[in-house]
Structure formats: C-alpha cells, structure tokens
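Nothing in this text is a laboratory measurement; each read-out follows from the coordinates by a stated rule. Only a predicted model underlies this, so the values are computations on that prediction, with no experimental measurement involved. No Cβ is skipped: glycine too gets one built from the backbone with ideal geometry, and neighbour counts run over all protein chains shown.
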Amino acid sequence: MRHLFRDFRLSFLIVAAMISPGMAQTGQGAKAEPPAPSGWDRLVDQYFDDYYFPFHPTAGTSAGFHRYDMQLEDYSRAGVEAEV
C-alpha cells in the first residue's frame, strides 16, 4: 500500500511539473486582451446588432444574447414595414 501511495505522489508531481510551464506562459490564468475587431467583424456585428436581431429577437435569444429574452417578433403591419 505504501508503494501505491508513493507511486501516486510521484505521478502527481510529474503531471504538475508538466502543467506548470504552460501556466507560466499564459500568466497563470490572466485574461489576455482580445484582438481589435477587423472591418469585417465590425460589419457583421453591426448587421446583427442594428438590423437583424432587433427584428428577430427570438433568433437573438437563440444565439445567446439574453437582452432579447423578453421580446417577440412584431408581425404587425407597422413592424413589418419598419423591417422592410
């Protein structure tokens, strides 16, 4: 039983030694600043934020944007004309 415990400790130390250099390179969990969005990314974000999701809030909720949770599509004449 003692050998089993010693082997487990040795395995744990080996795994910890292998993981530690990777943690040191990433700053031990420090958040990296995301890169600035490109022109295409800004265009796509603008399309979905300003044009698509406001008229299709169910799709926005399905995409994970919970600011649309309490909204439904407006199928009234005025809502459809506003989208067109």
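Okay, here's what the table says:
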read-out: Total formal charge among the other residues, if their Cβ is under 14 angstrom from that of residue 82, Lys/Arg +1 and Asp/Glu -1; value: -4
read-out: Residue 74-residue 38 FRET efficiency (beta carbon distance; Förster radius 30 Å; 0.05 resolution); value: 0.40
read-out: Counted charge near residue 62, where neighbours are those whose Cβ lies closer than 15 Å (Asp, Glu -1; Lys, Arg +1); value: -1
